[in-house]
């Protein structure tokens, strides 16, 4: 047994951080039995702030930059990191955290909105590195491996979530551009050697404007493409006319949060086409007021508040008039009258489309009824898979969670593999001309004729990331004995470049006995679904966008949610990062704890991640006890799900702490029941007995504290002592656990 | 040059026979230039009757049995047969032909309806061999090769037929059983050696009834399957309820003419489920009257005529009442109020589904409007391809004849390859029990538990036919440089047996450079359609049912009709049969000739068949002149289509004879214009000039005779002299042609 193994458990923010106070002692106690140390790494917002000003704190002991250390660890083969959700701080969150830390006596500056002095500029620069999504990009040093854990899948089969029935006569469908979009203009090259490239705009007058300079690596794939603004508007108009004629509801599905440069523009065109009458009539006024359709109809409502009442009323009246010429729109909130076009972030394609497909292909109308819908997704590249699934459901009925197979995903994500999100290389054209990519010798590598209003973008994917992704797919196919399909569209320039690398890399792999194919998206999803309804699993091996889409789409059909998926990042250097859960760090949960001492946070993601982390440790360090801990933890999680011991949302009922107790109970029972490792059996038998004997007492102790407010001495930087007391209120449980050591 | 080549041109009946009087002299004159003799073979109804009584005719020269000779020729490598449509005689047609021949002085007996004497029995036996489909079965000694000729395809691209627009919001779909049908019960075996099998029914009491004894060949594929009558009725009820709920029109698509045992039963269940109220209420009365739902609702109307008016009215009232509980039904004739369920032969799936798909997925409602429709096709085996195409059209819009590719077919047809049409091996169960297939040793090869009302059937396919079919597919793929897909469903027992033979036979073939795949039906049609809309051709290599369905489905999309397809039967012995046209021998056309001397028959099928016949002669006998004649004929046919020189339906305008003149003109011009063969160039230049110079005169001569009745001295056995005069009225044209020799 190796005693040098170490699991890093990240300490983050809000609800996951609170849960950690309860769960970590259990994890430490169990892991110790296999000689595994569990260390925390503080990558919380407060921790990162303090680390940024370590030199100014005059602290007793030096504050280390734990994120930097962790990022360094991620590039070594030893990395075994359990990564909990953390805050991607907005400026208001950052300011609140600063104020709290200052109140706790830390000597840190305010956040300067408008830095003037050198000190302010320095502070601003340091805080900028803390803002936004600052953790994932530095830790995700690998591709993505996502799958439904066996326990979760078994639970969904036994207790299926609801699935709306599909009618063969459904009118719902996904509609997309047939030309003029990114798909139809995509060009792609592979760099024959490392070198500089320039992205240039050449105006009709011959003037050259350098938009961007980049250093590309040897073998890097570089794409360029554009969407025609004019054709996009024509397309929107056509879809609206079509819905008006057919009586099908209209809905828009984009991902303005993620594709944060291009999709708000696309969304804005939808708004100004739907409300064309209003945007034409008030063109000058709206410009004066600063109305931006890219921010949705709500931007109109906001900006016209400065106008006299009578003028506001006229505009509202004109908005209302638009509805008579336009088809009914899918609602986000039919009670509040909030439509699909209200704000750009309400309807996010990767969540909204699975929801629609799960609801019989329908969305909510303004009368609060589900209705057949045209799902408009202008970019055709990925939209086609939704139409394929809709046709499939029309033909074969809704998926059946009790019998369907599973679709794990291996996604190309390492080294910031881009397909969207190339925010620094996306441009909205302000004039007609030519966009081109030119190499250091002045050779034009790619070019497009563009018009004002077109959206042009470029994307980069690194050679090493692609090769690692291919090998990960082969490994996953081998380890799970499951066929794998590379989703590569032969009609897509980017995918053709990738396919060459995939084929070359596959030749280096041992493929004996494996079923690995390369197929276009339509064929790939179709075959995957045909297998799915016959109970068969198929690994989808995809680019970054399909990784994002498919790891919502299939899990929502299979499990009712994507939050229960295992999300592993096998790091390129050989280590592993195990991400837990999705959907942020749940500030509302903290509120409930402070007011009622009930934590509804579900640590299922942590249980699942920990099990894989233990199993991987077992394999990598030849530690059979670790493997056994992982296996028994999975069984315990399954039992927990079966026995309904997940946290309730209601104060007074079992909460996060109670579910941790049951996890410990079941885990100890599994270990006590197995005979593979008599040492572990003997070690855990007393704990299993103690917890089992005292179940009623412990549950009562955990329940007794609820219903009253508690103080944990902070929000972003809570007091560890106080918080631990709050999160570990059962003396009986604590003592039993302590007796294990 | 081989001078021994010979093309057999069949002499048949009615319009094609009349057209032959005009066309054959042209064909003979042109073919002679390549040393090819054109001989006729009289397989007309009259000819076959006379041959049957050759021994009793006391004719000057012996009347030969030309069909028998032709059938013999078909089994030799020399066969080169152009087969025109002929009469499949019904009894009334037979009697009319007999009367005419008797009037012409032939000593043949009457057709005895109820033969008593030995002479009558002998006559009945002889006439029985003349009745019905007596020609194709004896001549079709090969598999099927059907494709759109280049000239026809080019014409359709230039002058596309109308195609209804598809809406993405269309509610139309194809619905089929998900269990309980032939597909889900199919079993299949390959005979390890030749032997006898018995089809037996074992009752619940253990009684064994031998239904059929068969001698199977070594390697023969033998299938058995059944459709549950109970599940079929449940399925119909479900589809009716679904249409009632969704407001989509209901329609039934079967092939009661071809699957003449099983499909009338299926159809009958549809009738008695739709009109359940009436059939339940009048159960006993209908039985007494002999109402048979398998003959459609019209059977009710017919049979109740014997009842008193008041009772008739009551029943009609009750029929009418059914409509209020049932969904709207697709109409065959909305003016006359004739629905889909009126008679079993009105809606034939292989024609009705392409028509629906071509009409935006809609059929006619009772208000004379096109409406979205549920196309009910109980048997799922083939129905799925229509749903696939419907989904495809919803997603990609209607096919575009101006840009789409083509789908030639290589069909398994030889040696009566069965998939349906196993009329002698189809049984409707009258009791619960077991149907089984037992070999000579008493070993049970296949068995099914059945209930009364189930439809059980067996099918045979011969090994040699399958191997020939595979080789034909490879030959076609090579000759047309086109990918070929074997449509074999891995989930279908019959196809799995076939696949083994296909794979074995492919191994014997030179596949270098060919793209030959084996795919399930859904994947096959999907890939074919994806290629189709990109202008790419794909050969479909299918069994007998899909041969029948696909050679209507794709041609109707591509060409607007299946009548313009080349239909070749490469005979297993090495010869070739070239079938021309489809749709019978057109008695109405003859009527118009007799009354107005205008023949609207379009000989396009003959032109196309002749071109292939010439090309094949060229290849087989290394006769370059024949090849060139074929090539130039194809060009001439293309020009004829382009210049609108096909026959008009209107008397006074260009008719069949005029189109033959233009064919001769263009053909001669093509030959005069080419430089590949100077001899042929010199030979045809004067004819080209003569016909071109005299175009106006000849057209005028051909037009002048029209508008008056003519006498051709008979109908089934017209006078050759008189008919030839009628069909060759232009002296100028006749002289020019005569000068060629």
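The values are calculated or read from the model by the stated rules, or taken from the named source; none is laboratory data. As the structure is a prediction and not an experimental result, all values here were calculated from the model. In this analysis, Cβ positions are derived from the backbone assuming ideal geometry, glycine residues included, and neighbour counts consider all displayed protein chains.
Looking only at region B:92-112, count every residue that is part of a helix (DSSP H, G or I) and touching a helix residue (DSSP H, G or I) at 6+ places or on another chain (Cβ under 9 Å) and tell me the total.
The qualifying residues number 6.
Of all residue pairs spaced 6 or more apart or on separate chains, those with beta-carbon atoms under 6 Å, a first member in region B:378-399 that is within 11 Å of another protein chain (Cβ to nearest Cβ) and outside any helix (DSSP H, G or I) and a second member that is crowded, with 21+ Cβ neighbours inside 10 Å and at pLDDT 95 or above are B:397/B:166. For region B:400-437, taking the residues that are crowded, with 18+ Cβ neighbours inside 10 Å and assigned to a helix (DSSP H, G or I), the one that is farthest from the other protein chains (Cβ to nearest Cβ) is identified as B:415. Looking for something touching a helix residue (DSSP H, G or I) at 6+ places or on another chain (Cβ under 8 Å) and not in a helix (DSSP H, G or I) - is there at least one such residue anywhere in region A:655-662? Yes - at least one qualifying residue is present in region A:655-662. Exactly one residue out of A:108, A:87 is touching a residue at least 60 places away in the same chain (Cβ under 8 Å) and surrounded by 15 or more Cβ atoms within 10 Å (Cβ to Cβ): that is A:87. Against the list (1) away from chain B (no Cβ under 14 Å); (2) at pLDDT 95 or above; (3) crowded, with 23+ Cβ neighbours inside 10 Å, the condition residue A:185 fails is (3).
Among the residues of region A:160-181, is there at least one that is buried (at least 21 other Cβ atoms within 10 Å of the Cβ), modelled with pLDDT of 95 or more, within 14 Å of chain B (Cβ to nearest Cβ) and farther than 30 Å from residue B:176 by Cβ? Yes, the conditions are met somewhere in region A:160-181. Remark: pairs (first residue in region A:432-449, farther than 17 Å from residue A:184 by Cα; second residue assigned to a loop (DSSP other than H, G, I, E, B); Cβ separation under 6 Å; 6+ apart in sequence or on different chains) = A:432/A:204; A:432/A:451; A:432/A:452; A:433/A:204.
Conditions tested, residue by residue: (1) closer than 24 Å to residue B:19 by Cβ; (2) surrounded by fewer than 21 Cβ atoms within 10 Å (Cβ to Cβ).
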{"residue": "B:33", "(1), (2)": "yes, yes"}
{"residue": "B:43", "(1), (2)": "yes, no"}
{"residue": "B:46", "(1), (2)": "yes, no"}
{"residue": "B:57", "(1), (2)": "no, yes"}
{"residue": "B:68", "(1), (2)": "no, yes"}
{"residue": "B:74", "(1), (2)": "yes, no"}
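Of all residues in region A:332-362, those satisfying the criterion of being touching a strand residue (DSSP E or B) at 6+ places or on another chain (Cβ under 7 Å), under 17 Å from residue A:173 (Cα atoms) and away from chain B (no Cβ under 14 Å) are A:340, A:347, A:349, A:353, A:356, A:359. Taking the listed residues A:610, A:691, A:665, A:640, the one that is at pLDDT 95 or above, touching a helix residue (DSSP H, G or I) at 6+ places or on another chain (Cβ under 7 Å), under 18 Å from residue A:37 (Cα atoms) and assigned to a helix (DSSP H, G or I) is A:610, with no other qualifying.
Only residues that are outside any loop (DSSP other than H, G, I, E, B) and surrounded by fewer than 17 Cβ atoms within 10 Å (Cβ to Cβ): list them for region A:708-723, please. Answer for region A:708-723, where residues must be outside any loop (DSSP other than H, G, I, E, B) and surrounded by fewer than 17 Cβ atoms within 10 Å (Cβ to Cβ): A:720, A:721, A:722. Before we move on, is residue A:731 out of contact with any helix residue (DSSP H, G or I) (no Cβ under 9 Å at 6 or more places or on another chain) and assigned by TED's automatic domain parsing to the domain that holds residue A:32? Against the criterion (out of contact with any helix residue (DSSP H, G or I) (no Cβ under 9 Å at 6 or more places or on another chain) and assigned by TED's automatic domain parsing to the domain that holds residue A:32), residue A:731 does not qualify.
So which residues in region A:359-377 are in contact (Cβ under 8 Å) with a residue 24 or more places away in the chain and assigned to a loop (DSSP other than H, G, I, E, B), if there are any at all?
Selection gives A:359, A:360, A:361, A:365, A:366, A:367, A:368, A:377.
With respect to residue A:119, is the statement that it is surrounded by 21 or more Cβ atoms within 10 Å (Cβ to Cβ) and over 30 Å from residue A:683 (Cβ atoms) true? So residue A:119 fails the test. The set of residues in region B:164-200 that are touching a helix residue (DSSP H, G or I) at 6+ places or on another chain (Cβ under 6 Å) and either more than 28 Å from residue B:242 (Cβ to Cβ) or part of a helix (DSSP H, G or I) (or both) comprises B:183, B:187, B:188, B:190. If you go through region B:92-151 and pick out every residue that is out of contact with any strand residue (DSSP E or B) (no Cβ under 9 Å at 6 or more places or on another chain) and under 30 Å from residue B:477 (Cα atoms), you end up with 4.
Listed conditions (1) within 29 Å of residue B:170 (Cβ to Cβ); (2) crowded, with 19+ Cβ neighbours inside 10 Å; (3) within 23 Å of the chain's Cα centre (by Cα) are all met by residue B:395, apart from (3). Of the residues making up region B:211-256, those that are more than 22 Å from residue B:346 (Cα to Cα), assigned to a helix (DSSP H, G or I) and more than 14 Å from chain A (Cβ to nearest Cβ) number 4.
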